[in-house]
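Q: Dumping the structure here so I can ask a few things about it.
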Amino acid sequence: MSDCLFCKIVKGQIKSDIVYQDDDVIAFRDINPQAPHHILCIPRQHIATVNEFTPTQAPLIGKLVLTASNIAKQLQVDQDGYRIVMNCNRMAGQTVFHVHLHLLAGRPMHWPPG
Ligand code: 5GP
Ligand code: ZN
């Protein structure tokens, strides 16, 4: 998707603070962090929302979660705890329509979220 912000980050057309990348996923720091650690894990492939996931993408979806948990270990927040969030569409507050998993850590998280 040529006009997708996160596709531009994947292509390197927009700079980002990348903390991990491989052939399938990229993880980078959120530009407007909501916690001391706020990292976005995204597939390289453009998928607009969680609604568009297909069964064949199950390994990719799993890899997004594993990427987040590996980064949490590297950041040494895995034992204190962290939150992973995927917002889908308007009511959840999704603003970038290229699926992404938020990894939030470094402060107490309240439940339910606001
Ligand atoms: P959403 O609200 O769609 O779940 O999350 C989108 C996230 O992307 C937001 O937390 C927002 O701060 C982040 N974001 C928006 N534009 C940019 C950008 O250009 N660079 C980075 N690193 N993050 C961005
Ligand atoms: Zn995209």
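FYI, it's all coordinate maths here, none of it is from the lab. On a predicted model such as this, the values are computed, not experimentally measured, just so you know. Cβ sites come from the backbone with ideal geometry, for glycine too, and all protein chains shown count toward neighbours.
Q: Tell me which of these Ser69 doesn't satisfy, since it passes every other one: (1) within 16 Å of ligand 2 (Cβ to nearest atom); (2) surrounded by 11 or more Cβ atoms within 10 Å (Cβ to Cβ); (3) polar (S, T, N, Q); (4) free of Cβ contacts under 8 Å to residues at least 40 places away in the same chain.
A: Condition (1) is where Ser69 drops out.
So that you can scan it fast, the table gives a plain yes or no per residue for (1) within 22 Å of Pro113 (Cβ to Cβ); (2) touching a Cys at 6+ places or on another chain (Cβ under 6 Å); (3) crowded, with 18+ Cβ neighbours inside 10 Å:
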{"position": "Pro43", "(1), (2), (3)": "no, no, yes"}
{"position": "Gln74", "(1), (2), (3)": "no, no, no"}
{"position": "Tyr82", "(1), (2), (3)": "yes, no, yes"}
{"position": "Cys88", "(1), (2), (3)": "yes, no, no"}
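Q: Here is a further query. Given (1) surrounded by 17 or more Cβ atoms within 10 Å (Cβ to Cβ); (2) out of contact with any strand residue (DSSP E or B) (no Cβ under 6 Å at 6 or more places or on another chain), identify the lone condition not met by Gln57.
A: (1)
Q: Of all residues in the stretch 1-41, how many are of a type in the set (D, E, K, R), more than 17 Å from Gln94 (Cα to Cα), loosely packed, with under 13 Cβ neighbours inside 10 Å and within 11 Å of ligand 2 (Cβ to nearest atom)?
A: Residues in the stretch 1-41 being of a type in the set (D, E, K, R), more than 17 Å from Gln94 (Cα to Cα), loosely packed, with under 13 Cβ neighbours inside 10 Å and within 11 Å of ligand 2 (Cβ to nearest atom): 1 in total.
Q: Please go through the stretch 76-101 and give me each residue that is more than 16 Å from ligand 2 (Cβ to nearest atom) and under 30 Å from Cys4 (Cα atoms), ordered by number.
A: Tyr82, Arg83, Ile84, Val85, Arg90, Met91, Ala92, Gly93, listed by residue number.
Q: For the stretch 5-28, enumerate the residues that are within 12 Å of ligand 1 (Cβ to nearest atom), in contact with a helix residue (DSSP H, G or I) (Cβ under 9 Å, 6 or more places away or on another chain) and not aromatic (Phe, Trp, Tyr).
A: The answer is Gln13, Ile14, Lys15, Ser16, Ile18, Val19, Ile26, Ala27.
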